[in-house]
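Presented below is the structure to which this report refers.
The values are calculated or read from the model by the stated rules, or taken from the named source; none is laboratory data. Everything numeric in this text was worked out from a predicted model, so none of it was measured. In this analysis, Cβ positions are derived from the backbone assuming ideal geometry, glycine residues included, and neighbour counts consider all displayed protein chains.
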Amino acid sequence: MYTIRDFIKHFCEDAKINIGNFYEHERMRVLNFIPVILGTGICCFFNLDNPPPLIWSVSFFLILLALSGRFKFLWIFLIFNFGFMLAQLRTIHINTPMLEKTIENPQSFFATVDSCYRTESGMNFVVKDTSLRFKSNKIFLSWRGKKAKDSAGDFMPGDRVSFFAKLSPLKDQPFPQAYNFKRQQYFNRISARGFIMSPPKKVEYLYREITLSLLIDKFRHKINQKIDKILGFDNAAIAKALVTGTKSSIGKDLRESFVRSGTAHVLAISGLHIGIVGLFIFVLVRLILCCIPRISMFYDIKKIAAIVSLVGAVAFYFISGCSVSAMRALIMHTLVILAIILDREAVTMRSIAVAATIIMVLSPEAIMFPSFQLSFSAVIAIVAFYERCWNFSSRFKMLINIVATTVVATLSTSIFSVFVFNQLTLNSIFANIFMIPLMSFFVMPMVIISLLCMLINVTFPLKILAFGISAMIKLAKFSSTFAGSLFVMHSPSPIVMTILIFSALIFTLIHHKIRWTGFVGILIGILLYFFQDIPRIIISPNAKAYGARVSDDLTCFNHCGYFRATLSAWTKSVGCSRRENFKSKACRKFIEMLDDDSVRISADGQDFILTSDSKLSENFAKILKNQGKETQKNSKKLPTVIFLDKTSKEFRQI
């Protein structure tokens, strides 16, 4: 007789065999899963409100390390715990002191300029070594107005400057769906922010510490100054983004055009830029060496060109600002160059895993920022696509490759674009068909030539570069006007994000037939995203500002002036594109002012009554209770009464 015990026994045996077969099938790709497990541990730490003490993490790690030699499956938990511990150690090591309260009176102090750059409305400074009484690492200062624009070339990194500024703390994450800007600034060692009230003045001082990073910053600043002198504002802003990675000068409208056209990725130094720079230098050096018989006959010019290409890529990485996406591209480029030197074939997915592991070990917090997420999601999907699905040869191969790469990159980064920016564009395919060849064959080669010429104080190549940049701007503006250029979408919940990310990793990293469960998981995650609940009401601290999502594309607030940035972010997070005041025509049909302290809002098909009078709130509840029977007969929902607590210090979502 076949018993339950026999069934369990056979099930366990089959499971053991299947796990063994799966391990043998994926044994050569085990390295690809290390950054996934490591990153999961890091994300768990950063998403805990009250993480355990460090001694617990270290103790658990040592226990797992002792047992992992006997029980191989414990290596998974060991790597997970190592990631958790890395994030904890990094957070303790950074230990950035944060300003807690706004300093009402403007402060006069001395500070050393860490970086300074021109913006559309003025100038920004990041300063350190301040003479302020409270402990701080760096302070972000904004200077607005015509004087700020005119003085953009008067300051450079390393200058000792006196400031008169009003300082305030960095803003906390207002609601769960919002991007945690304060955490990013914490790891950037920014302690506070402020506004400069009067023109800064340089101060002469005897001792100046000269470091390599300071020399690089000064070199980058001089490049920016030369670009500003030669080119117009918009062309200079794009040129600085491509050469030194300084994107702060790009105007809001111009940036929006690149975003709506799906070409904003060309403004961030990434694999596209590092790859083009490395390839251009490699081809150029090899062609030059081929023309010299004494070298080409006796030396391996391919390896020499590869080494020079690596040196050039490293130099460009430091000049461009050392972003996370550029670091990933540089590590992968280094592995490819090493493969050429050692006469071995580079394993691209493995190089991605190595790059991700190195970045997470050095800067565990990087995994929580958009640069890491967008960069690695795109490159993993592209490499997986070309490894398995793409073997096409045609006279139109380049065009087809651009289309295929754009489609794969857009699909793979869409979830992070929606999560971070609450927007999605469908025009990227058309725009990138023209933008990528323009970048590859004209703009980036001219960037390299311009950099080399600026070393000998020759700037005319910048004027040639301006033609390519003007073409980029015209293309971005033209394609941004198409229908469907931008969709505002609500933020996915943490559960949906987890399902989509792990399902996508299973589908791209695993070659076994079990990978199709990842595809099913992606479909389930998409369905859950469209059926998840969206908050309808938001109330700011002290109930100064409150409002609601009243339709699919409109939110209404009582005071748009209070917490303007936060309310705009909330508007996008619930999938709306417009934010209006209660008194506007668009909001009048959804809003009914009951008295000075109470308002009735028809939000997305349901009525809410918001009141700051506690007694009135109770009266409303009684009235609604008495009207309950009549309301039920008319098959209408009872309005929900919400009390506006003016003593609350947190944002509320309902």
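So is ALA236 within 30 Å of SER479 (Cα to Cα) and in contact (Cβ under 8 Å) with a residue 60 or more places away in the chain or not?
Details: within 30 Å of SER479 (Cα to Cα): yes; in contact (Cβ under 8 Å) with a residue 60 or more places away in the chain: no.
No; evaluated as a whole, the condition is false for this residue.
Among the listed residues THR246, THR263, identify the single one that is in contact with a strand residue (DSSP E or B) (Cβ under 9 Å, 6 or more places away or on another chain) and not aromatic (Phe, Trp, Tyr).
THR246
Could you list all residues from the stretch 252-301 that are under 21 Å from ALA239 (Cβ atoms), β-branched (Val, Ile, Thr) and part of a helix (DSSP H, G or I)?
Answer for the stretch 252-301, where residues must be under 21 Å from ALA239 (Cβ atoms), β-branched (Val, Ile, Thr) and part of a helix (DSSP H, G or I): VAL259, VAL266, ILE274, ILE276, VAL277, ILE281.
Restricting to the stretch 76-99, and then to whatever is surrounded by fewer than 17 Cβ atoms within 10 Å (Cβ to Cβ), out of contact with any Phe, Trp or Tyr (no Cβ under 9 Å at 6 or more places or on another chain) and not aliphatic (A, V, I, L, M), can you tell me which residue is modelled with the lowest pLDDT?
ASN95
With the requirement that a residue be assigned to a loop (DSSP other than H, G, I, E, B) and modelled with pLDDT of 85 or more, what does the stretch 302-327 give you? Don't jump to the end; show me each part of the working.
Kept after step one, since they are assigned to a loop (DSSP other than H, G, I, E, B), are these residues of the stretch 302-327: 320-323.
Listed by number, the list is empty, since nothing qualifies.
If GLN532 passes every condition in (1) in contact (Cβ under 8 Å) with a residue 24 or more places away in the chain; (2) more than 19 Å from GLN423 (Cα to Cα) but one, which one does it miss?
(2) is the only condition that GLN532 fails.
Cβ-Cβ below 8 Å, separation at least six or inter-chain, first residue in the stretch 62-90 and more than 17 Å from ALA356 (Cα to Cα), second not in a helix (DSSP H, G or I): which pairs?
Pairs found: LEU74/SER68; TRP75/SER68; LEU78/SER68; GLN88/PRO51.
Can you say whether VAL36 is in the same structural domain as ILE139 (by TED's automatic domain parsing) and either over 30 Å from LEU214 (Cα atoms) or touching a Lys or Arg at 6+ places or on another chain (Cβ under 7 Å) (or both), as far as the supplied structure shows?
Considered against the rule, which asks whether it is in the same structural domain as ILE139 (by TED's automatic domain parsing) and either over 30 Å from LEU214 (Cα atoms) or touching a Lys or Arg at 6+ places or on another chain (Cβ under 7 Å) (or both), VAL36 comes out as no.
Just checking, which of SER450, SER470 is outside the structural domain of TYR179 (by TED's automatic domain parsing), surrounded by 17 or more Cβ atoms within 10 Å (Cβ to Cβ), small (Gly, Ala, Ser) and in contact (Cβ under 8 Å) with a residue 40 or more places away in the chain?
SER450
Consider VAL407 carefully, then state whether it is modelled with pLDDT under 80 and in a helix (DSSP H, G or I).
Considered against the rule, which asks whether it is modelled with pLDDT under 80 and in a helix (DSSP H, G or I), VAL407 comes out as yes.
Has the stretch 23-30 got at least one residue that is assigned to a helix (DSSP H, G or I) and at pLDDT 75 or above?
Checking the stretch 23-30: at least one residue is assigned to a helix (DSSP H, G or I) and at pLDDT 75 or above.
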